[in-house]
Structure formats: structure tokens, C-alpha cells
Amino acid sequence: MTDPDHPVRVWDLPTRLFHWLLAAAVIGLVVTGKVGGNALVWHMRLGLLVFALLGFRLVWGFIGGRWSRFASFVRAPAALLRYLRGEPRPGDHFEVGHNPLGALSVLAMIGVLVLQVATGLVADDEIATTGPLNRHVATATGLAATAWHKGWGQGLLLALVALHVAAIVAYRLRGRNLVQPMLTGDQPLPPGVLPSADSAATRCAAAVVLAIFAAIAVWIARQAG
């Protein structure tokens with residue numbers, strides 16, 4: 001007879017705040033990008049916010065809570081095959097946090113967002129808005145970045161967001177709530193699954209990392225003029 005599942009801290013508070021702030025920022029970016037005009041001022045500000053959030057997440061992926069680290073969910077091809085075949089080994093813990101397929105989606109989302117931020121920083125719409133770092137690149141580079149940012153980049157990002165939402169709905173229909181753990185931090189898991197560290201010390205460390213990238217974002221913003 002197996003022991004019942006019990007709540008385990010999977011997502012530390014910094015990871016949860018990152019997730020919801022990024023979601024809100026991406027929604028804001030889509031809306032302001034579609035509205036255009038004066039809303040592009042906020043589009044640029046939200047882009048810099050995403051820059052800071054992504055910088056934080058990339059660092060937190062190495063020093064954050066156990067299940068927020070890339071090492072815990074970026075799997076080798078063999079592990080991905082075991083997951084797809086439904087043949088997990090003891091210690092795989094595919095049920096904790098991101099499963100191997102979900103991890104690929106997360107990495108794709110981060111990668112596309114990095115490209116979107118990078119191209120947005122040097123973009124030039126040839127009307128009234130240029131990225132704060134546009135003057136540091138050749139005109140052709142700025143125009144190519146703009147074309148990607150408004151075309152393929154935007155399309156890929158929206159597709160990944162739609163896939164993410166569809167996965168959440170699909171899991172919910174199968175009886176697993178992916179949203180609740182990202183709100184509370186805890187996931188019902190079998191005994192023996194180690195929790196993520198989520199102490200005052202780790203939260204202070206996260207605040208320092210975010211503050212560093214926020215300062216860099218402010219410095220980038222000041223390059224515009």
C-alpha cells in the first residue's frame with residue numbers, strides 16, 4: 001500500500017512571480033503592438049520589462065529552486081522517449097513541474113521571446129518608433145530586425161502561447177490542474193520528492209538578480225536619446 005500524495009513546494013515564489021508578470025507583459029505587448037501609435041511607448045517599456053524578466057529567469061534557471069532549474073526539466077533525448085512511451089524510470093519524476101514535452105515548450109517560448117526582445121531593441125518602423133539600440137546597428141540590420149519582430153517572430157510567439165494555453169486546458173480536462181501549483185507553489189506528490197528551496201534568503205537573492213537586470217534595462221532605455 002503506497003503512501004498518499006502530499007503537498008510539495010515545486011515552484012518557488014520568484015518563479016511564480018516571473019511567470020505571471022511575464023504573462024501579463026506579453027498580453028500587454030500584443031495589445032500595444034496591435035494598437036500602435038502612442039501605445040508603442042508602452043510597448044517599448046513592456047519590452048524592457050520582459051528583457052529584465054528573461055535575464056532573471058536565465059540566471060534563476062541555474063541558481064533557483066530545485067524544480068525551477070534547467071537541470072531538473074531539460075531532459076536528454078532518451079528521457080523524452082521514455083516519457084512518450086510511458087516507461088519512466090525511478091527518479092525520472094516526469095510528474096513534477098514541467099514534463100519533458102512541456103520543457104521543450106518552455107525553452108521555445110524563452111528562445112522566441114529573447115529574439116523578440118533583441119529585435120525590438122534595434123527595430124525601426126520607419127515612421128516614428130525606433131528601438132533604443134537602433135543607432136548602434138546598420139540600417140539594413142534594423143529593418144531586417146523589424147521585419148522579423150512584426151512577422152515571423154510575432155507569429156511564432158502567438159502560436160506558442162496558444163499551444164501553452166491548449167496544453168493547460170487539455171491537462172485540466174484530464175483531471176490535472178497546472179494553474180494551481182503556479183499560484184500556490186505546491187503540487188500533490190508522492191513521498192520522497194524533494195521540494196524547491198523557497199526561503200527568505202532565496203527570495204532576497206532573486207530580488208538582487210532581478211534588480212541587476214532592471215538596472216540594465218533602464219540603462220538600455222536611456223540609449224534611445
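The ranking of Met44, Met109 by Cβ neighbour count inside 10 Å, starting from the fewest, reads Met109, Met44. Adding -39500 (n - 2.57) for every DSSP H run of four residues or longer, then dividing by how many residues the chain holds, sets the calculated 222 nm ellipticity at -21500 deg cm²/dmol. For the chain, the direction-averaged projected area of the alpha-carbon convex hull comes to 14.1 nm². Listed by Cβ neighbour count within 10 Å, with the fewest neighbours leading, Ser196, Ser105 appear as Ser105, Ser196. Placing a pseudo-label 7 Å from each Cα along the Cα-to-Cβ vector at Phe62 and Gln223 gives an inter-label distance of 2.2 nm. Evaluate E = 1/(1 + (r/R0)^6) for Val31 and Ala144, where r is the Cβ-Cβ distance and R0 equals 22 Å; express this FRET efficiency to the nearest 0.05. So, using R0 = 22 Å, E works out to roughly 0.30. Computed from point charges on the beta carbon alone (+1 for Lys and Arg, -1 for Asp and Glu), the dipole magnitude for the chain about its Cα centre is near 40 Debye.
Note on the chain: with a GNM built from Cα contacts shorter than 10 Å, the maximum mean-square fluctuation among Ala201, Ala23, Ala144 falls on Ala201. Largest GNM mean-square fluctuation across Val165, Val74, Val106, computed for the chain with C-alpha springs under 10 Å, falls on Val165. Normalising by residue count, region 25-80 has a Cα convex hull of 96 Å³ per residue. Stretching the chain fully between Glu87 and Ala197 yields a gain of 36.7 nm (0.36 nm per residue, less the alpha carbon separation).
The trypsin sites (Lys or Arg not before Pro) of region 111-204 that DSSP puts in a loop, and whose beta carbon has at most 11 other beta carbons within 10 Å, are Arg174. Remark: region 176-185, residue by residue, has Karplus-estimated 3J(HN,Hα) of 10, 9, 7, 7, 4, x, 6, 8, 8, x Hz, where x stands for each Gly or Pro and the curve is 6.51 cos²θ - 1.76 cosθ + 1.60 at θ = phi - 60°.
No value in this document is a laboratory result; all are computed from the given coordinates. Bear in mind that the values here come from a model prediction, so they are computed numbers and not experimental data. Quick reminder, even Gly has a Cβ in these numbers, built from the backbone with ideal geometry, and neighbours come from all protein chains shown.
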